[in-house]
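Engineer: First the structure, then my questions, so here it is.
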Amino acid sequence: MTAEFVVLLVVVVTALAFDFTNGFHDTGNAMATSIATGALKPKTAVTLSATLNLVGAFLSVEVAATVAKGVVDLDTVGGTDLLLIVFAGLVGAILWNISTWLFGLPSSSSHALFGGLVGAALASIGVQGVVWDGVLGKVLIPAVLAPVIAALVSTVGIWSIHRLTRSVSTEHRDRGFRLGQIGTASLMSLAHGTNDAQKTMGVIFLALVAHGTITADTAMPFWVKVACAVAIALGTYLGGWRIIRTLGKGLVEIAPPQGLAAESSSAAIILTSSHFGLPLSTTHVATGSILGTGLGTKGAEVRWSVARRMVVAWVITLPCAAVVGAICWALAHLIGGMPGVLGVFAILCALALFMWLRSRRQPVDASNVTADWDDKPAPAPGASATVSGEGRS
């Protein structure tokens, strides 16, 4: 077994670890509103979401192609150098995902990944190593437009719902919309799989090209699809309860009609972006949709302080992940070869363990994820908090 092959294995494992964090980080995008309204029980919701994420991962590879060929210029770098860039970018993305999960902030896993790759490429090759047209046209512009469009669509949707159901009693209306939410939340989970699982496929594809196992024109290997689908589904099943709580309870108090409007608009936008190969942030879309339902509902309370924290996290995600990616590349390059990669991987494991242990001080899980929002972590429900799905995320 050569040193280069060992490095490839580490990169693939790290990519699947990112996919796993992407799963538990973004579960709330699909299921937070259904859990908040009581349409689905928490554990049922994450199980359904995981299953549909798994299915959705096989429906398209357009986004994977964008990630594989639209961020790092494959004509300027290859071999071990490209493997190191991919590895450092993944470490930057994982550390950002776990950090924002710890604070319950629904930031973009997509932008964390792109930021890490861009930072590592800049540190390694310079500005010529990044496909700037791809980053601008398929990452930055959609990042600005997606939450705005989602908010507009869901605002119109919830306004229309209120107009059409104004003569229906609240009890009958809510019962019907809870049933409808099962369908829209399922569609949202399917859409999430078609978009987010593809990003990790694209990263592993990059690594395989760098190693020489395949060429840039090779079709996506089936084993890559399966591995990425399983990894994101497992992460989704464990449930990112801290982020589910923020989206479901922290931004807007969500009623069943709002939940259905938010999920419908999010699913439509994400499926459209997947069709065109746009690696859209499902977090931005879901948050914009939830915000829109608050704006379109008379008397609804939108917690702008929570919204501001989310926006700040969105703005700094790409540059922060880029800085971490660049530092990881520099450290691995300084040590050199396989020892450098293994050393950075050990640092990643240590920091991830530290943040997980830190999260155990104020656990959030299926039993307290819907507790009343007071801008603080959910109260631990006695001994049940120690059996935490969040702790296993």
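Engineer: Any chance you could look up the accessible area of Ser264 with a 1.4 Å probe, heavy atoms only, rounded to 10 Å²?
Structural biologist: 50
Engineer: Thr246: accessible area at probe 1.4 Å, nearest 10 Å²?
Structural biologist: Surface accessible to solvent at Thr246 totals approximately 10 Å².
Engineer: Using a Gaussian network model of the chain whose springs link C-alpha atoms within less than 10 Å, name the residue from Asn368, Asn53, Asn195 with the highest mean-square fluctuation.
Structural biologist: Most flexible of the set in this elastic network: Asn368.
Engineer: Another question about this same structure. Largest first, how would Trp132, Trp356 line up by accessible area (1.4 Å probe)?
Structural biologist: Trp132, Trp356
Engineer: For a quick check: with amide H placed at 1.01 Å from N, whose amide H comes under 5 Å from Val72's, ignoring anything fewer than 5 positions away on the same chain?
Structural biologist: Close amide H contacts, sequence-distant or interchain: Val131.
Engineer: Quick one: how many lysine pairs does the chain have with C-alpha atoms less than 12 Å apart and a gap of 8 or more or different chains? Give me the count, please.
Structural biologist: Counting lysine pairs in the chain gives 4.
Engineer: If you stretched the chain out fully between Ile335 and Val226, how much longer would it get, using 0.36 nm times the residue separation minus the C-alpha to C-alpha distance?
Structural biologist: Here the answer is 35.9 nm.
Engineer: With springs only between Cα atoms under 10 Å apart, run a GNM on the chain and tell me which of Leu291, Leu122, Leu179 wobbles the most.
Structural biologist: Result: Leu179 has the largest fluctuation of those listed.
Engineer: Right, here's the next one. Can you give the accessible area of Ser34 in Å² (nearest 10), computed on protein heavy atoms with a 1.4 Å probe?
Structural biologist: My reading of the accessible area for Ser34 is about 0 Å².
Engineer: If DNA, RNA and ligands are ignored and the probe is 1.4 Å, what is the ranking of Lys43, Lys249 by accessible area, most exposed first?
Structural biologist: So, going from the largest accessible area down, we get Lys43, Lys249.
Engineer: Let me ask something else about it. Which one of Ala185, Val226, Gly23 has its Cα pushed farthest toward the positive end of the charge dipole of the range 3-360, where Lys and Arg give +1 and Asp and Glu give -1 at the Cβ?
Structural biologist: Most positive-ward Cα: Ala185.
Engineer: Compute the accessible area per residue over the chain, keeping the other protein chains in place, probe 1.4 Å, unit Å².
Structural biologist: 39
Engineer: In the range 3-360, with Lys and Arg counted as +1 and Asp and Glu as -1 at Cβ, which of these residues, Ser160, Ala207, Thr283, has the Cα nearest the positive end of the dipole, that is, farthest along it?
Structural biologist: Comparing the listed Cα positions along the dipole, Ser160 ranks first.
Engineer: Would you indicate which of (i) 118; (ii) 153; (iii) 204 is the value of volume of the Cα convex hull per residue in Å³ derived from the coordinates of this structure?
Structural biologist: (i)
Engineer: Based on the Cβ-Cβ distance from Leu152 to Ala3, what FRET efficiency comes out when R0 is 51 Å, to the nearest 0.05? Could the numbers behind the result be given before it?
Structural biologist: On the way: r = 52 Å, r/R0 = 1.03.
Calculated value: 0.45.
Engineer: Heavy atoms only, 1.4 Å probe, whole protein assembly: order Thr14, Thr80 by accessible area, highest first.
Structural biologist: Values: Thr14 0, Thr80 75 Å².
These residues rank, largest area first, as Thr80, Thr14.
Engineer: Relative to a virtual label point 7 Å from the Cα of Trp304 in the Cα→beta-carbon direction, which members of the range 223-257 show backbone nitrogen distances below 15 Å?
Structural biologist: 252
Engineer: Note down the magnitude of the dipole of the chain about its Cα centre, charges +1 on Lys and Arg C-beta and -1 on Asp and Glu C-beta and zero elsewhere, to the nearest 20 debye.
Structural biologist: 1100
Engineer: Given a Förster radius of 41 Å and the C-beta distance between Gln362 and Val144 as r, what FRET efficiency does 1/(1 + (r/R0)^6) yield to the nearest 0.05?
Structural biologist: Here the calculated transfer efficiency is 0.80.
Engineer: Pairing the Cα long axis of helix 79-102 with the longest principal axis of the chain, what angle in degrees results, from 0 to 90 and rounded to the nearest 10?
Structural biologist: Taking the Cα atoms of the chain, the angle to 79-102 is about 30 degrees.
The values are calculated or read from the model by the stated rules, or taken from the named source; none is laboratory data. In this text, all values refer to a predicted model and were calculated from it rather than measured experimentally. Please note: Cβ atoms are built from the backbone with ideal geometry, for glycine as well, and neighbour counts cover all protein chains shown. Heavy atoms of the whole protein, side chains included, go into the accessibility calculation; ligands, DNA and RNA do not. Shrake-Rupley method; radii C 1.70, N 1.55, O 1.52, S 1.80 Å.
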